[in-house]
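Data block below; observations after.
The values are calculated or read from the model by the stated rules, or taken from the named source; none is laboratory data. Quantities reported herein were computed from a predicted structural model and do not represent experimental measurements. Please note: Cβ atoms are built from the backbone with ideal geometry, for glycine as well, and neighbour counts cover all protein chains shown.
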Amino acid sequence: MADIIEREVTRGSLLKTAGAAGAGMAFAGLLTAGKARASGVTQGDIDILIAAEIAEALAVTTYTNIINRAPFFKNLEDDDKGYLQAARQEEMSHYLLEQSVTGRPSPYTHFYYPKGMFVGPHVTLNTLVSLEDAFIAAYLVGVRNFSTADLRVTAARIMGIESDHRTLARVVAPNVASQDGGPIEWVMGIQGHSESVDPPNNNGYERTLLWSSIDQAVNALLPFVSKEAAQKAGFNTAVSYAFQPFTPHLPTPLGAFHGFAG
């Protein structure tokens, strides 16, 4: 079974599926064509960017459903709600930027989650931090392996935002209301170790997870995109959640993408 799962979603299959995944979305004026295209993009670059699109589609779907479905969201303070709402906008912006380079949408647009996701805040926040851990490490693979300085710097710029999201998710945990099971003082990320949320910014250096290839990031996302892998991981496979793209509105023009040069 492991071999079947491994074959189902590989770097090669992502690229084959992407061509048949449907028409791409309009960029909605976020970037001009001249800004959007990076020069000298290689097949290896495209492989990384397609994996990043899947990750960003998953991120948008996660934040959307926390906001719309998670009972604890409505009882958060406004600044905590604002973080989750802004993160959704930022992840959508990342997705569109990457799609502007590949010219292809994400080949996967429905996602599975652990049992209790969007119901219990412990599961939701553990999963959110785990995903942000994975996104950070994946973009560091891009910093390591992209073929051009423009793409490497862009990966680092996006990775910095994913790091913000990881920290802010840990800020939210102790602010979960008592009626929702809070406060949450310990959160478990992708490494499987519960860590105190005090302080929320507990990394002196971002964690690479020892990933050096984008295949490792793809494998980490398998349970979220593959029903067979989701079943093996003990996820809820009775329902999948659809990625619903939209035109993002970033909190400030100063933090928008102005070009690959910076």
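Can you tell me which residue is surrounded by the fewest Cβ atoms within 10 Å (Cβ to Cβ) among those in region 44-87 that are small (Gly, Ala, Ser) and within 21 Å of Ser178 (Cα to Cα)?
Residues of region 44-87 that are small (Gly, Ala, Ser), as a first pass: 44, 51-52, 55, 57, 59, 70, 82, 86-87.
Of the ones still in play, those that are also within 21 Å of Ser178 (Cα to Cα) are 70, 82.
Numbers: Ala70: 21, Gly82: 13.
That would be Gly82.
Does Leu131 satisfy the condition of being farther than 19 Å from Gln244 by Cα and in a helix (DSSP H, G or I)?
No.
Which condition from (1) outside any helix (DSSP H, G or I); (2) within 17 Å of the chain's Cα centre (by Cα) is the one that Ala238 breaks?
(2)
Mind checking whether some residue in region 114-123 is over 30 Å from Val41 (Cβ atoms), in contact (Cβ under 8 Å) with a residue 40 or more places away in the chain, of a type outside the set (A, V, I, L, M) and part of a helix (DSSP H, G or I)?
Yes, region 114-123 contains at least one residue that is over 30 Å from Val41 (Cβ atoms), in contact (Cβ under 8 Å) with a residue 40 or more places away in the chain, of a type outside the set (A, V, I, L, M) and part of a helix (DSSP H, G or I).
I need a count of the residues in region 193-208 that are in a loop (DSSP other than H, G, I, E, B) and either in contact with a helix residue (DSSP H, G or I) (Cβ under 9 Å, 6 or more places away or on another chain) or among the β-branched types (Val, Ile, Thr) (or both).
Step one: filter region 193-208 for residues in a loop (DSSP other than H, G, I, E, B), giving 193, 197-208.
When the remaining residues are screened for being either in contact with a helix residue (DSSP H, G or I) (Cβ under 9 Å, 6 or more places away or on another chain) or among the β-branched types (Val, Ile, Thr) (or both), the result is 197-203, 206-208.
Of the residues in that region, 10 qualify.
Being more than 14 Å from the chain's Cα centre (by Cα) and surrounded by 19 or more Cβ atoms within 10 Å (Cβ to Cβ): is that true of Leu221 here? Working first, answer last.
Values: more than 14 Å from the chain's Cα centre (by Cα): no; surrounded by 19 or more Cβ atoms within 10 Å (Cβ to Cβ): yes.
No: the conditions fail for Leu221.
How about region 97-107: which of its residues are surrounded by fewer than 24 Cβ atoms within 10 Å (Cβ to Cβ) and out of contact with any Leu (no Cβ under 8 Å at 6 or more places or on another chain)?
Answer for region 97-107, where residues must be surrounded by fewer than 24 Cβ atoms within 10 Å (Cβ to Cβ) and out of contact with any Leu (no Cβ under 8 Å at 6 or more places or on another chain): Gln99, Gly103, Arg104, Pro105.
Can you list residue pairs whose Cβ atoms sit under 7 Å apart, with the first residue in region 165-190 being of a type in the set (S, T, N, Q) and the second being modelled with pLDDT under 95? Count only pairs 6 or more apart in sequence or on different chains.
none
Could you list all residues from region 121-166 that are among the polar types (S, T, N, Q), crowded, with 22+ Cβ neighbours inside 10 Å and more than 30 Å from Ala177 (Cβ to Cβ)? Step through it out loud before you land on a result.
From region 121-166, those among the polar types (S, T, N, Q) are 124, 126-127, 130, 145, 147-148, 154, 163; that's our starting set.
Subset that is crowded, with 22+ Cβ neighbours inside 10 Å: 124, 126-127, 154.
Scanning region 121-166 gives a single hit, Thr154.
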